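**Student:** Right, I'll just put the structure down here and ask away after.
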Amino acid sequence: PLIRREDYTPFPWLVPQIALEFELGIEHTLVTSTLTVARNAKAQRSDTIRLNGDGLTALSVTVDGEPAGDWSMDGDDLILPLHGEAHAIKVVTAIDPSANSQLMGLYASSGMLCTQCEAEGFRRITFFPDRPDVLSTYTVRMSGPKAEFPILLCNGNRVAEGEGEGGTHWAEWHDPWPKPSYLFALVAGDLVANSGRFTTMSGREVELNIWVRAEDLPRTEHALESLKKSMQWDEQAFGREYDLDLFNIVAVSDFNMGAMENKGLNVFNTKYVLADPDTATDADFDAIEGVIAHEYFHNWSGNRVTCRDWFQLSLKEGFTVLRDQLFSQDMQGEAVKRIEDVRILRSAQFPEDSGPLAHPIRPDSFREISNFYTATVYNKGAEVIRMMRTMAGPERFRAGCDLYFERHDGEAATCEDFIRAMEEGAGLDLEQFRLWYSQAGTPKVTVRLEHSGDTATLHLSQQVPPTPGQPDKQAMPIPLRIALFDRATGKHEGEQLVVLGKAEDSFAFTGFAEPPVLSINRGYSAPVTIERTVPHADLVFLAAQDDDSFARYEAMQELVVSHIVAAAGDGLDDAARAAGRAAIRTALAAILADAALDDSMRGELVMLPSQTYLSEQMLIADPGRIHAEREGLKAWLGRELESEFVALHLRVSEIPYGLEQAARGARKIKTQALVYLAAGNPDLAAQMAKAQYEAADNMTDRQGALMVLTGLDSAARTDKLIDFYRRYQGNELVIDKWFTLQAISLHPHAIEHVRVLAGHPDFTLRNPNRVRSLYMAFAGNPHAFHGESGEGYRMIADLILALDPINAQTAARFVPSLGRWRRIEPVRAALMRQELERIAASDRLSRDTFEQVTRSLG
Ligand code: ARG
Ligand code: ZN
């Protein structure tokens, strides 16, 4: 059934307390749940209570100590008549965690037991009103064989523990903070901890633990340090303090997502915990820092203030992503982090906004909420709150946040509550701004700068494109940071904020005898597409000297995007192609030569726009032509600037390994130089990549070199792939990289390689990281996935069908890659559609995959 936001009604019963008892076993776990329920005065009276279940059988149901004879099942839910004002309900269920391949609810992962309850996994453990607006205080007793599960963890604080009969032991946990069921967690297993301490601003001593398998302990230091930094930063930047004496993080190998913010017991994908220089890249280190922060920040934005219903998901996710982005900006430098975040938005969220799955950051309806943990809800959600911050300024924004936390602490809130707190606390008028919550689609802003006399006039117009279910859109407030550069001096008189609130508007600026160069949407102040015709010379100017790093990056991107889009679209004549290439070469050469630029930023500036982003710029894209143009340009630049790239590679290869910014920048640009050379001069690049691989004393250099080699036809390719595998055999996360490198490779036979790898003894559909390492990587490899035969599409459709019964959530995440068919040239579009139809024809699809496939077919 379709669930609608407007149908929200409060639950008729409150559940102030829940006591849970777990008798744990990998194959048999017995769960006894006792709920204290009372009528909810704020809801409509009901003489039944609906307890959600998912695949559960109730072994016994008792009300106020008496066996209840009159309960019934409605689908998976248990319905129980209740006539009094308050009752105690006791339900016993039995589950088999080892058979839980969906990884929702209680499941087994390499010998341990763990849980994932968000969004609706708790109902796979016991019958309960499994919705985020029912808040309860949890008391949990867990028992099990001590040898198998020496460590027993749950939310909150451990209040008692002891030994039982026959080699068992038990622990009792109490979480004083009322929470919804999606924040419940339990872990039992043979784990060791890297422990630390943190003293909060009011003097609370908090014990910190990063729990892992014994062999992983040496790779937990970065995670622990990241946690301490996060705790410190949230106090300084948002005034948010931790509220328990214990904070546990557990790393799990089998996990559907990145991590989960369960109160006091965060459960993480190992990918976002384990790192050392030999096995993790710089990007891995950063991702760990960012995800640890994200989950920690949820303690306030998500846990202390939670969501009323799942339509409000962006309330916690968009806000928490913004908070983790601001944190990472402070840790790693604002310029590069902002560019990375925009790149993610454009490659992951723009395609959602322009495709069949487009939805507002606060969706209006869904069948399966797991399908709405999207880049739109998370990343566009963060951009929307970032715009409020831009309009209010950091201080007033902070005041708005303070008011929000103060007003809604302990509540299940809505996006509307957040907006109101911002209006009152930050002093913003957000009447029209609310449209950002209800309208889907990436707005397009058309820009024209007119000059006459001493006045420069900025003419802006906006268009919010139609999206499924939303044919007509209203104009939204679009805050644009701008600067007007004097061409001669290369300076500007200060940045201004222009808010375009109408369909069309003009803004005049005086004091310009000569036409200035416009820098617009600086810092990417609004998540929109800018459309303008601007001379190459202006873009070359901005790419070389804009004082806003993002704008500088953007100018370089615009130069390349406009060229490739024109070339892959209507086509370019020789003269136009030569002029376009020459401008790009000039800008790139200036970036390579700029001694004032740090290598990390240089690495951003030289990066070519992704094929996904390029395709987004075209109404109908031909993946083959875009790929050919992009590779052709890269090869031409690689040849034209060969000596510059070789010299750059040589210079940065001298810099020893370190975690400081300069050394990290060196590693980033080192592999990028190889990427250009590999396109321009494959033999030379193969030699250099082989040397880089052999000299590497860290994963960033080694993986970079191997990535380049994997795309080339050279003897070193096989050699180094074998070497890498042998070196890291048994290390799951690094073997994931080995699969990925081959699946994303530029090698003409990449698809055959993927097919062979699917039969590799290390490949399994049971582990989401492994599935993604091969197939998500492949689906993102344009030349292989979009191969003309349609084989790539068939491969992904086969995967979806095979994976769906095992892990529906992960299977459904592959659908959007096929769902893009409407924006692809007709021959491929037909093949993609055909595969979607083949999936749709299956009569046993999960709700997850069914929803995504039907929406994609439209
Ligand atoms: N709240 C988690 C996080 O961002 C994600 C959990 C998603 N779970 C799911 N089943 N979709 O941070
Ligand atoms: Zn989150």
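Every residue, every condition in (1) of a type outside the set (D, E, K, R); (2) crowded, with 19+ Cβ neighbours inside 10 Å; (3) farther than 26 Å from Ser143 by Cβ, yes or no:
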residue: Trp13; (1), (2), (3): yes, yes, yes
residue: Glu21; (1), (2), (3): no, no, no
residue: Leu24; (1), (2), (3): yes, yes, no
residue: Val31; (1), (2), (3): yes, yes, no
residue: Asp47; (1), (2), (3): no, no, yes
residue: Val63; (1), (2), (3): yes, yes, no
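**Student:** Which members of the stretch 369-383 meet the condition of being more than 9 Å from the chain's Cα centre (by Cα) and either under 16 Å from Gln809 (Cβ atoms) or at pLDDT below 95 (or both)?
**Tutor:** Answer for the stretch 369-383, where residues must be more than 9 Å from the chain's Cα centre (by Cα) and either under 16 Å from Gln809 (Cβ atoms) or at pLDDT below 95 (or both): Ile369, Ser370, Asn371, Phe372, Val377.
**Student:** I would also like to ask the following. Among the residues of the stretch 239-296, which ones are among the aromatic types (Phe, Trp, Tyr) and more than 20 Å from Glu660 (Cα to Cα)?
**Tutor:** Tyr242, Phe247, Phe255, Phe268, Tyr272, Tyr296
**Student:** Can you list the helices (runs of 4 or more DSSP H) lying wholly within the stretch 589-642 that have 3 or more residues being hydrophobic (A, V, I, L, M, F, W, C) and more than 20 Å from Arg822 (Cβ to Cβ)? Even if it seems obvious, please write down each step before you answer.
**Tutor:** On the way: elements: 599-605, 611-616, 623-640.
Once the helices (runs of 4 or more DSSP H) in the stretch 589-642 are filtered for at least 3 residues that are hydrophobic (A, V, I, L, M, F, W, C) and more than 20 Å from Arg822 (Cβ to Cβ), what remains is 623-640.
**Student:** Another question, if that's okay. What are the residues in the stretch 26-42 that are out of contact with any strand residue (DSSP E or B) (no Cβ under 8 Å at 6 or more places or on another chain) and not acidic (Asp, Glu), if any?
**Tutor:** Answer for the stretch 26-42, where residues must be out of contact with any strand residue (DSSP E or B) (no Cβ under 8 Å at 6 or more places or on another chain) and not acidic (Asp, Glu): Ala41, Lys42.
**Student:** Among the residues of the stretch 324-338, are any part of a helix (DSSP H, G or I), within 12 Å of ligand 1 (Cβ to nearest atom) and touching a helix residue (DSSP H, G or I) at 6+ places or on another chain (Cβ under 9 Å)?
**Tutor:** Going through the stretch 324-338, the residues part of a helix (DSSP H, G or I) turn out to be 324-332, 334-338.
Still in the running and within 12 Å of ligand 1 (Cβ to nearest atom): 324.
In the following step, the residues that additionally are touching a helix residue (DSSP H, G or I) at 6+ places or on another chain (Cβ under 9 Å) were identified as 324.
Looking through the stretch 324-338, at least one residue is part of a helix (DSSP H, G or I), within 12 Å of ligand 1 (Cβ to nearest atom) and touching a helix residue (DSSP H, G or I) at 6+ places or on another chain (Cβ under 9 Å).
**Student:** Picking from Ser773, Ser745, which residue would you name as being buried (at least 20 other Cβ atoms within 10 Å of the Cβ), hydroxyl-bearing (Ser, Thr, Tyr) and in a helix (DSSP H, G or I)?
**Tutor:** On the way: Ser745 fails: in a helix (DSSP H, G or I).
Within the list Ser773, Ser745, the selection yields Ser773.
**Student:** Same structure, new question: Thr700 versus (1) under 30 Å from Ser101 (Cβ atoms); (2) touching a residue at least 40 places away in the same chain (Cβ under 8 Å); (3) assigned to a helix (DSSP H, G or I): which is the lone unmet condition?
**Tutor:** (1)
**Student:** Please find, within the stretch 237-262, the residue that is nearest to ligand 2 (Cβ to nearest atom) out of those that are in contact with a Leu (Cβ under 8 Å, 6 or more places away or on another chain), within 15 Å of His294 (Cβ to Cβ) and not in a strand (DSSP E or B).
**Tutor:** Here the answer is Glu261.
**Student:** If we keep just the residues of the stretch 118-137 that are among the hydrophobic types (A, V, I, L, M, F, W, C) and assigned to a loop (DSSP other than H, G, I, E, B), which is nearest to ligand 2 (Cβ to nearest atom)?
**Tutor:** Among those that are among the hydrophobic types (A, V, I, L, M, F, W, C) and assigned to a loop (DSSP other than H, G, I, E, B), it is Ala119.
**Student:** Give me the pairs, please: first residue somewhere in the stretch 286-301 and in contact (Cβ under 8 Å) with a residue 12 or more places away in the chain, second residue anywhere and within 9 Å of ligand 2 (Cβ to nearest atom) and among the small types (Gly, Ala, Ser), beta-carbon distance under 6 Å, and either six or more positions apart or on two chains.
**Tutor:** Matching pairs, first to second residue: Val291/Gly258; Val291/Ala259; Glu295/Ala259.
**Student:** Within 30 Å of Pro176 (Cα to Cα) and either β-branched (Val, Ile, Thr) or without any contact (Cβ under 8 Å) to a residue 12 or more places away in the chain (or both): which single residue out of Ile369, Ile385 fits that description?
**Tutor:** Exactly one residue qualifies, and that residue is Ile369.
**Student:** Against the definition (more than 13 Å from ligand 2 (Cβ to nearest atom), in a helix (DSSP H, G or I) and surrounded by 20 or more Cβ atoms within 10 Å (Cβ to Cβ)), how does Glu352 come out, yes or no?
**Tutor:** yes
Every residue, every condition in (1) polar (S, T, N, Q); (2) more than 13 Å from ligand 2 (Cβ to nearest atom); (3) assigned to a helix (DSSP H, G or I), yes or no:
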position: Tyr296; (1), (2), (3): no, no, yes
position: Ser314; (1), (2), (3): yes, no, yes
position: Thr320; (1), (2), (3): yes, no, yes
position: Leu345; (1), (2), (3): no, yes, yes
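**Student:** Please work out if Gly658 is small (Gly, Ala, Ser), farther than 26 Å from Gly571 by Cα and part of a loop (DSSP other than H, G, I, E, B).
**Tutor:** Yes; evaluated as a whole, the condition is true for this residue.
The values are calculated or read from the model by the stated rules, or taken from the named source; none is laboratory data. Fair warning: this is a prediction, and the values are worked out from it, not measured in the lab. Don't worry about glycine lacking a Cβ; one is built from the backbone with ideal geometry, like all the others, and counts go over all protein chains shown.
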